[in-house]
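First up is the structure itself, then whatever we jot down about it.
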Amino acid sequence: MMGLWLMSTVVVVPSIRGLIEAHRTLSFEFFPPKSQAAASGLRATIDVLEKLEPDFVSITYGAGGTTRETTRDTVIELCSDRRFPAMPHLTCIGHSYAEIYDLVDDYQAEGVGNVLALAGDAPVDGSPDPGDFRYALELIDAVRERTDMCIGVAAFPEVHPRSESRRSDRRHLAEKLSAADFGITQFFFDPDDYFRMVDELAALGCEQPVLPGVIPVLNPVSVKRFADMNGTKTPAALWDAVSGASDPDERLEIAVAAATELIVKLLDGGAPGIHLYSLNQANAVVRICDRIDLQRGI
Ligand code: FAD
């Protein structure tokens, strides 16, 4: 897999789009640490996962900018210390143009070459958000205006919950992907949902690569909460099996086996790579990666 290219003293960060064009990619998602102890834990997790030679990792962003500094600092530390690019997530709802320009100018100056451009969500307490943005497409335009970063976007195989209809979801997604460089999906459990979305995008003339996001169900309660928020179907048999596991090892094995089975189907069907929601833990990711061969499926 490709690392950072050192040309004289200038480190050139590979674009994720370029990596996807070169081969099937493997990537991991982390959330920014909330304490010194959590930061040490994340470093230890990444020390383990680095051996799997990920093509890139991504760091989430708290809606409305709640993790603005920690996301930024984590990404910049990883980009300078590690052999793979780190991509910040960036949400625009609740931000002004000036705030977004400041942050992307900073990323550009620090040599962060990739960004995941997201809308985010309005405040949950129902208070009006004071921001200048409504949709991710506007954030893509703002990033393009200031930088030459490679831009990823979110895709929802089972349709975004705010979409008026499947048709409007796919139309807006095709427009957004065409303005960006690649997509990453919300997690899902039925591979047909992913392939149907890819076919619907192709029918709209959009062939941009979309990496499927896969989550091992280690914590069925919290994964179900996220799934319900996103309109993601959760297979009852998997939830029953994980919830009924007699000890943590059995639970880990069930979660890993289910995620591996899904990944194999996605790779066999032609997915351009796999993005694993790691939840900042190494165990499940290591076991899954031991069982798959990205180029052949398994
Ligand atoms: P958009 O693409 O703007 O779409 C939102 C809705 O608006 C959709 O229903 C779309 O169809 C509709 N729409 C778009 N354009 C128009 C238009 N012109 N007219 C009418 N309707 C339109 N959230 C975080 O807070 N932090 C994170 O780090 C984070 N990371 C994520 C990573 C991934 C891979 C994914 C899949 C999601 C992530 N999210 C994150 C969640 C995301 O911010 C929310 O799901 C948000 O509600 C939608 O973001 P979006 O970028 O898809 O929005």
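The figures follow:
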{"item": "Spacing of the two label points (7 Å from each Cα toward its C-beta) at Ser80 and Glu207, in nm", "result": "4.1 nm"}
{"item": "Computed E for Gln108/Asp132 - FRET, C-beta separation, R0 25 angstrom, nearest 0.05", "result": "0.80"}
{"item": "Net lengthening on full extension, Ala237/Ser163 (0.36 nm per residue, minus Cα-Cα)", "result": "23.8 nm"}
{"item": "Where only C-alpha atoms are counted, convex hull volume of the chain per residue in Å³", "result": "136 Å³"}
{"item": "Environment charge of Ile288, counting only residues whose C-beta is closer than 13 Å and scoring Lys/Arg +1, Asp/Glu -1", "result": "-2"}
{"item": "Size-normalised alpha-carbon gyration radius of region 70-136, reference 2.2 N^0.38 Å", "result": "1.23"}
{"item": "Among 249-255, 148-154, 47-53, the order from most to least packed when residues are scored by Cβ within 10 Å on average", "result": "148-154, 249-255, 47-53"}
{"item": "Extension gain, Ala179 back to Ala257 (0.36 nm per residue minus Cα-Cα distance, nm)", "result": "24.5 nm"}
{"item": "³J(HN,Hα) computed for each position of region 101-114 - Karplus, 6.51 cos²θ - 1.76 cosθ + 1.60, integer Hz, glycine/proline x", "result": "4, 4, 5, 6, 4, 4, 4, 4, 5, 8, x, 7, x, 9"}
{"item": "Amide proton proximity set for Ser58, modelled H, under 5 Å, gap of 5+", "result": "Phe28, Glu29, Phe30, Met87"}
{"item": "Zero-based 10 Å bins, Cα pair distances in region 206-254, whole percents", "result": "23, 46, 22, 8, 1"}
{"item": "Rounded to whole Hz, the Karplus (6.51, -1.76, 1.60) HN-Hα couplings of region 218-223, x for glycine and proline", "result": "7, 10, x, 5, 6, 5"}
{"item": "Sum of side-chain charges, Ala237 neighbourhood, beta-carbon under 15 Å (Lys, Arg +1; Asp, Glu -1)", "result": "0"}
{"item": "Pair Thr66, Arg291: separation of 7 Å Cα→Cβ label points (nm)", "result": "3.3 nm"}
{"item": "Computed E for Asn230/Ala22 - FRET, C-beta separation, R0 35 angstrom, nearest 0.05", "result": "0.70"}
{"item": "Amide proton proximity set for Asn114, modelled H, under 5 Å, gap of 5+", "result": "Cys150"}
{"item": "C-alpha center-to-center spacing [region 136-163, region 28-86] in angstrom", "result": "21 Å"}
{"item": "Across Lys51/Lys176; Lys34/Lys176; Lys51/Lys265; Lys34/Lys224; Lys224/Lys265, pairs whose alpha-carbon gap is larger than 28 Å", "result": "Lys51/Lys176; Lys34/Lys176"}
{"item": "Highest-MSF residue in the chain out of Glu110, Glu158, Glu29 [GNM, Cα springs under 10 Å]", "result": "Glu110"}
{"item": "The chain, helix-only ellipticity at 222 nm - DSSP H runs n ≥ 4, -39,500 (n - 2.57), divided by all residues, nearest 500", "result": "-14500 deg cm²/dmol"}
{"item": "For region 165-239, convex hull of alpha carbons as volume per residue, Å³", "result": "95 Å³"}
{"item": "Highest-fluctuation residue, Ala259, Ala22, Ala119 considered, GNM on the chain with Cα pairs under 10 Å", "result": "Ala22"}
{"item": "Residue-wise HN-Hα coupling along region 119-127, computed from phi with Karplus coefficients 6.51, -1.76, 1.60 (Hz; x: Gly, Pro)", "result": "6, x, 10, 5, x, 6, 7, x, 5"}
{"item": "Contour excess over end-to-end distance, with Cα ends at Lys51 and Lys34 and 0.36 nm allotted per residue", "result": "3.6 nm"}
{"item": "Cβ-based charge dipole, region 16-291, positive-most Cα from Ser35, Phe189, Ser80", "result": "Phe189"}
{"item": "Antiparallel content of DSSP bridges confined to the chain, in %, to 5", "result": "10 percent"}
{"item": "GNM result for the chain, Cα springs below 10 Å: residue of Met87, Met229, Met197 fluctuating most strongly", "result": "Met229"}
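Taken together, the values in this text are just the output of simple stated rules run on the coordinates, not laboratory data. Since this is a predicted model, take the numbers as computed values, not measurements. Glycine gets a Cβ as well: all are built from the backbone with ideal geometry, and neighbour counts include every protein chain shown.
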